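This report concerns only the one structure given below.
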Amino acid sequence: NAMMGTLNESDDQLLGTELLLNSSNFEGEEHDASKYVIPSIYAIVCCVGLVGNAMVIYVILKYAKMKTATNIYILNLAIADELFMLSVPFLATSAALEHWPFGSLMCRLVLSVDGINMFTSIFCLTVLSVDRYIAVVHPIKAARYRRPTVAKMINICVWVLSLIVILPIIIFADTVPSADGRVDCNFLWPEPSWSEAFVVYAFLLGFLIPVVAICLCYCMIVIKMRAVALKAGWLQRRKSEKKITRMVMLVVTVFVLCWMPFYIIQLVTVFFYPPDPTITQLFVILSYANSGANPILYGFVSDNFKRSFQRIMCLRWLESGLEEPVDYCAIALKSKVCNPKEFQQDCLGSEMVCRNGTCTTRTTTL
């Protein structure tokens, strides 16, 4: 019996050893898979974001009709996203190599660009929401405040505010030696409690307070639109305002959906326990994907952006059924009244034509 007991014990030990080996092999395979999958996702996000935001910047700068106050704010958001996309290859390389090979200066630069994008994006969306509030709730004052020159000044203020907010990142970001002898890009806080304080600081300034302000703006917009929906002159203006407001609301919603998991995982890591690193990495990528999602939203929701994107890609044949972009401010300020027949001829003569693979543009019409 003693011998049988010894044999059983040895069999149990062999079985346990085999299970441990199988478990370690499975973890190794999972680790190898994530090592290739995560950098691949980074690469896709980077390519989509670079191309999409470059198109947004190009069409706003090229076409005069796109230089409205709202589009100037969108331009600012696209510039922030484009700058951030330029830093994504460094993050993808670091994720693939599992250490930071680019040195201290690039570590501070990449983390600073990351922080600027994080705060500039939400600040731009807050400004866009306030812009929509003024346009819908205070249409008379809108003519004074909703001008491209005013929008450019506000954009400068957004960048200055973002730089002030990310000063802790600029000061404390640096390379840190890890336990296995490798080098990581992280923060060198004077005290461990500073890490917790910074997570709360970023959550409040970069998410909670701006989102509350945005929600208040749209609540007041909805109240105003319901109150004056049947008044004379509103129905004609309402269609245009609703389209723009819907686009901004959709962009804000996608931002919240992309960034909320990131902030939740950061708060859980600081105040409870660190979750699985793969899950954390996926939520980080989801927040980065927001920078590539915005141009796609503009193309699907806004007819103006859709037409402009089709112009630069020579896809005018897809434009059937879409209305021409209309600048109502320019129409209101234009003193010359056109004959409808002349206006129709001008419209027909203004379209972009693609012949033999060559695109030629003519003067755009109102």
Consider the stretch 168-191. How many of its residues are assigned to a loop (DSSP other than H, G, I, E, B), within 17 Å of Val270 (Cβ to Cβ) and open to solvent by less than 40 Å² (accessible area, probe 1.4 Å)? 0
Could you please give the count of residues in the stretch 146-158 that are in contact (Cβ under 8 Å) with a residue 60 or more places away in the chain and over 19 Å from Met225 (Cβ atoms)? 8
Condition first: at pLDDT below 85 and surrounded by 15 or more Cβ atoms within 10 Å (Cβ to Cβ). Now tell me which residues in the stretch 54-68 satisfy that. Tyr63, Lys65, Met66, Lys67, Thr68
For residues that are without any contact (Cβ under 8 Å) to a residue 60 or more places away in the chain and either buried (at least 23 other Cβ atoms within 10 Å of the Cβ) or within 18 Å of the chain's Cα centre (by Cα) (or both), scanning just the stretch 124-135, find the one that is farthest from Tyr218 (Cα to Cα). Cys124
Look through the stretch 136-148, keep the residues that are over 8 Å from Ala69 (Cα atoms) and open to solvent by 80 Å² or more (accessible area, probe 1.4 Å), and return whichever of them is modelled with the lowest pLDDT. Lys141
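Can you name the residue in the stretch 11-53 that is small (Gly, Ala, Ser) and under 25 Å from Ser94 (Cα atoms) and is also modelled with the lowest pLDDT among such residues?
Among those residues, the one meeting the criterion is Ser24.
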Filter result (under 22 Å from the mean Cα position of the chain (by Cα) and of a type in the set (Gly, Ala, Ser)) within the stretch 100-123: Ser112, Gly115, Ser121
Looking only at the stretch 270-295, which residues are surrounded by 14 or more Cβ atoms within 10 Å (Cβ to Cβ) and free of Cβ contacts under 8 Å to residues at least 24 places away in the same chain? Thr280, Phe283, Val284
Can you tell me which residue within the stretch 138-162, out of those that are in a helix (DSSP H, G or I) and touching a Cys at 6+ places or on another chain (Cβ under 9 Å), is farthest from Ile244 (Cα to Cα)? Val158
Only residues in the stretch 192-218 that are part of a helix (DSSP H, G or I) and buried (at least 19 other Cβ atoms within 10 Å of the Cβ) count as the first member; pair them with residues that are modelled with pLDDT of 90 or more and of a type in the set (S, T, N, Q), Cβ under 7 angstrom, at least 6 apart or cross-chain, and list the lot. Pro210/Thr126; Ile214/Thr126
Filtered residues of the stretch 37-94 (kept if over 13 Å from Asn290 (Cα atoms) and charged (D, E, K, R)): Lys62, Lys65, Lys67
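The values are calculated or read from the model by the stated rules, or taken from the named source; none is laboratory data. Fair warning: this is a prediction, and the values are worked out from it, not measured in the lab. Cβ: placed from backbone, ideal geometry, glycine included. Neighbour counts: every protein chain shown. Keep in mind that these areas ignore ligands, DNA and RNA; they rest on the heavy atoms of the full protein, side chains included. Shrake-Rupley method; radii C 1.70, N 1.55, O 1.52, S 1.80 Å.
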